[in-house]
Amino acid sequence: MTEPAVLRVAINAPLSRLFDYLPGSGTMPAPGTRVRVPFGRRLRTGVVMEVGTGSEFPASKLKRVRGILDESPLLSPEDLWLIRFVSDYYHHPIGEVTAAALPALLRRGRPLAPARQCLALTAAGRGEDPAAIARRAPRQAALLELIADNDPIDFDLLDEMLPGWRRARKALADKGMIETLVSDDDTEAWTGPADVEVEAGPVLNEDQRHALQAVRDGHGFRVTLIDGVTGSGKTEVYLHLISETIRAGRQVLVLAPEIGLTPQLVRRFRKRLGIEPVLLHSGLTDTARLAAWRSARNGQARLVVGTRSAIFVPLADPGLVIVDEEHDSSLKQQEGLRYSARDMAVARGKKLDIPVVLGSATPSLESLKRCRDGAYRHACLPVRAGGALQPLIRLVDLTRHDATDGLSAPVVAAIETNLASGGQVLVFLNRRGFAPTLICSGCGRIAECTRCDSRMTVHAASNLLKCHHCGAQRAVESECPDCAAQCRPLGQGTERLEDALRSRFPDEVITRIDSDSTRLKGTMSRALTMATTGEARILVGTQMLSKGHHFPNLTLVAVVNADQGLFSTDFRGSERLAQGLVQVAGRAGREKRQGEVIIQTAFPAHPFWKQLMTRGYHGIAETVLDERKSAMWPPFSRLALIRATAVARGDAHEFLRSARQAAEAAAIPEVRILGPVSAPMERKAGRYRAQLLLQSTHRGNLHRLLDALRSMMESSPAARRVRWSIDVDPIELF
Ligand code: ADP
Ligand code: ZN
């Protein structure tokens, strides 16, 4: 007897395996096709990953596929390869990876090209005069008229133009005046030439030409790091590469951090390339996301620009992948499926045998090391294009200058000078809210979150205390619950800074940009317009303001407080601090006038500052790389972090202790096991958090151990009381 054909299906469930099904009676679905299958007591949508023969279960136990959702495979073998690779590399359930790779509507089983429903007039309807029925049936008349003007008209447009139209539909249909048509034309995904003239760009300078050549040389897969200071013309180099690739008939995928995917950038692509980039970011509706995905998949979209999840988008003729701001931590997803879109871009480029370009003014140490090792090409753009000078950086010693409301006299003086000479000022503080602490003036009690080991942030506009870790909020306590003395806000947040600047500079237009001030739809783009046109002369903001934006008039950046970063417990602390400061400094003096950067610090003697000012980001990067090498931290070794959280404190630790025992028992050489220890912020949102760190210079061994641990943890009875996760190449150790 021959073994039956078996479909191995990925189903969105937290289990690391595929599920075996027998084909239904009809056609045999190929890998990459979505199917409906019975799972537990429900029918679920899954993706066929493999068609094999035989199963570890007897054929009599296997259920049959109930339906096939795609006529031809939705995902290509390369797409399936990426899903498998991500699942293996990050030790994450394959069904969940598959779900992450699909737009929500496809995940839920909707068709790839949704049929559009329209209403059209019948011959009888065309002969009817809407005015004749307007008195008797005004709603029917309105609908009839609307269809007559837009025949046929689709349901979405009707919803928009005549809410309530559905009630009139039946009556008109019954009278034989209208009919429903189903069409599957796909105009919304149309991405042909944008209606703009293509603008010519500047002539590339020598460094840019070298960078371009570095990417062009050779065939197939290669990675080039374009390491260029802000304003050095990296984007110009991308534009040349994109245009060449598109002219050669291939598609380009550009990944950018959410915050870097600005309207400015998109406009620039559109104007210079003369095509409409197809966007994939978190702000899209489900329908728009599906349309964008579909046009990338069928090749209509020549340029796809997206945030990290766009790494999964299928491409009909991929030719180039660009990762802008490759150092940015938002390219790594920090929950659920913890993947790095940058690293997967390199993996995907290798599989597809196409070039990958990484760009940054502050490259990650991982990428710099790969350049050192000769694995990546290194193209440097050390000066600003168009002649702008790099900003001058100086420190203000807070131990010698008192700061009122966070602003020292030298900073205030510099703001005045810059404003007086027609400049624009950015005051940077990476802490939103009014004040990070509410303290009792009597007993010193500090308002804390009841669910986290953290302080509540004071938000004055809403008069609330908010926890920035779990989102809890309550009214501001004006009196201390313990001693009834007055409570007062302590320290600075952007909200308070804005107030302070308003009272010092009452005649200036001030715009604050942080996630609180830009929560409402449209407020962000309005604020950015005011900042870009120079209408707002003082900008206050968090890192939201520090990346990607181009404010032509900006002459001064004042950093209110960067000291937390100096003493970070995370081994990436100084790398992150240097990146953040260099990025925000890069906003200053991008055009004619040289920019100025002032950093307030209570620790001016800290060696970090000397290095930053004398040798810049690359000086710091070199030093940190040497330190990492002697301590064998990444990128000289690999890390994986196993996190566990539980309602009872002991459970998380106990679970990780048993994981540690299992790891030791697996006896895989060359992997260090550290912990378990409590997370630096042990309690968050009511759960206790602990972690186990695995470190190795041997990637294969580390992954073998993770495989073993994962099956043990999936089946461990102790796992019922905890939530656990594996984070491969973690970028934060808590
Ligand atoms: P980056 O992406 O490195 O921040 P951009 O590509 O945005 O740099 O360039 C910064 C500014 O310099 C832009 O206004 C751009 O038009 C201009 N620019 C870039 N390359 C050149 C060049 N070769 N000659 C003149 N101006 C240039
Ligand atoms: Zn909290």
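About its Cα centre, the chain has a charge dipole of approximately 1520 debye under the convention of +1 per Lys or Arg Cβ and -1 per Asp or Glu Cβ, with nothing else charged. Charge tally around R721: other residues with Cβ under 15 Å, Lys/Arg +1 each, Asp/Glu -1 each, net +4.
Surface composition of the chain: carbon plus sulfur atoms hold 51% of the accessible area, using a 1.4 angstrom probe and ignoring ligands, DNA and RNA.
Once the chain from D317 to D174 is taken as fully extended at 0.36 nm per residue, the excess over their C-alpha distance is 46.6 nm.
Were the residues from C483 through F155 laid out at 0.36 nm apart, the gain over their Cα-Cα distance would be 111.8 nm.
Placing pseudo-labels 7 Å out from each Cα toward the beta carbon at E591 and R36 gives an inter-label distance of 5.9 nm. Using the Cβ-Cβ distance between A602 and R247 with R0 set to 56 Å, the FRET efficiency works out to roughly 0.55. Ordered from longest to shortest, the equivalent ellipsoid semi-axes for the range 383-540 are 33, 20, 14 Å, each the square root of 5 times a Cα gyration tensor eigenvalue. Sequence-distant contacts, meaning Cα pairs under 8 Å at least 6 residues apart, place the relative contact order of the chain at 10 percent. Loop-resident trypsin sites (Lys or Arg not before Pro) (DSSP state other than H, G, I, E or B) in the range 504-563 with no more than 14 further Cβ atoms inside 10 Å of their Cβ: R519, K521. Taking 7 Å steps out from each Cα toward its Cβ at S525 and K271 produces label points 1.6 nm apart. Over the chain, with a single point scatterer placed on each C-alpha, what log10 of the ratio I(q)/I(0) does the Debye formula yield at q = 0.05 1/Å? Here the Debye-derived log intensity ratios amount to -0.31. Summing charges over neighbours of I226, with a neighbour being any other residue whose Cβ is under 12 Å away from its Cβ, gives -4 when K and R count +1 and D and E count -1. Protection proxy ranking of 118-127, 590-599, by the mean of other Cβ atoms within 10 Å over each peptide's residues and highest first, is 590-599, 118-127. Normalised by the number of residues in the range 607-701, the mean separation of alpha-carbon contacts (under 8 Å, six or more apart) gives a relative contact order of 32 percent. Only Cα sites of the range 499-657 enter the Debye sum here, all with the same form factor; the resulting log10 I(q)/I(0) across q = 0.09, 0.13, 0.19 1/Å is -0.45, -0.80, -1.19, listed in q order.
Debye calculation, C-alpha points only, no solvent: report log10 I(q)/I(0) for the range 251-339 at q = 0.14, 0.15, 0.19 Å⁻¹, in the same order as the q values. Scattering profile of the range 251-339, log10 relative to I(0): -0.46, -0.53, -0.86. Under the criterion of Cα pairs below 8 Å and six or more residues apart, the relative contact order for the range 540-588 equals 56 percent. Centroid-to-centroid, using Cα positions, the range 335-363 and the range 673-730 are 25 Å apart. The GluC sites (Glu not before Pro) of the range 272-365 that DSSP puts in a loop, and whose beta carbon has at most 13 other beta carbons within 10 Å, are E335. At an R0 of 30 angstrom, the distance between the Cβ atoms of S329 and R216 translates into a FRET efficiency of 0.50. Which listed residue (M544, N561, A475) has the Cα farthest towards the positive end of the charge dipole for the chain, taking +1 on Lys and Arg C-beta and -1 on Asp and Glu C-beta about the Cα centre? Looking along the dipole axis, the top candidate is A475. Among the listed pairs K369/K592; K369/K547; K547/K592; K350/K610; K351/K629, those whose Cα-Cα separation exceeds 28 Å are K369/K592; K350/K610; K351/K629. Computed as a quarter of the hull surface, the mean projected area of the alpha carbon convex hull for the range 581-731 stands at 12.6 nm². Note on the range 595-734: with charges restricted to the Cβ of Lys and Arg (+1) and Asp and Glu (-1), its dipole about the Cα centre is near 440 debye.
Straight Cα distances below 25 angstrom link K684 to the lysines K332, K466, with same-chain residues fewer than 8 positions distant left out. Residue ranges 493-502, 160-169 sort as 493-502, 160-169 when ordered by packing (mean number of other C-beta atoms within 10 Å per residue, highest first).
Surface exposure of the chain, expressed per residue as accessible area with a 1.4 Å probe, stands at 45 Å².
Where in the range 244-258 does the amide nitrogen come within less than 20 Å of the point 7 Å from the Cα of E78, taken along Cα to Cβ? Correct set: 244-256. Principal axis analysis of the Cα atoms in the range 407-452 yields extents of 49, 24, 11 Å, listed in decreasing size. With a simple spin-label model that places each label point 7 Å from the Cα along the Cα-to-Cβ direction, the separation between V203 and E448 comes to 6.6 nm.
In terms of overall dimensions, the C-alpha atoms belonging to the range 119-186 reach 38, 25, 20 Å along their principal axes, ordered largest to smallest.
The values are calculated or read from the model by the stated rules, or taken from the named source; none is laboratory data. Owing to the predicted nature of the structure, the values given are computational and were not obtained by experimental measurement. Positions of Cβ are backbone-derived with ideal geometry, glycine not excepted, and every protein chain shown enters the neighbour counts. The area values use the complete protein model at the heavy-atom level, side chains included, leaving out ligands, DNA and RNA. Shrake-Rupley method; radii C 1.70, N 1.55, O 1.52, S 1.80 Å.
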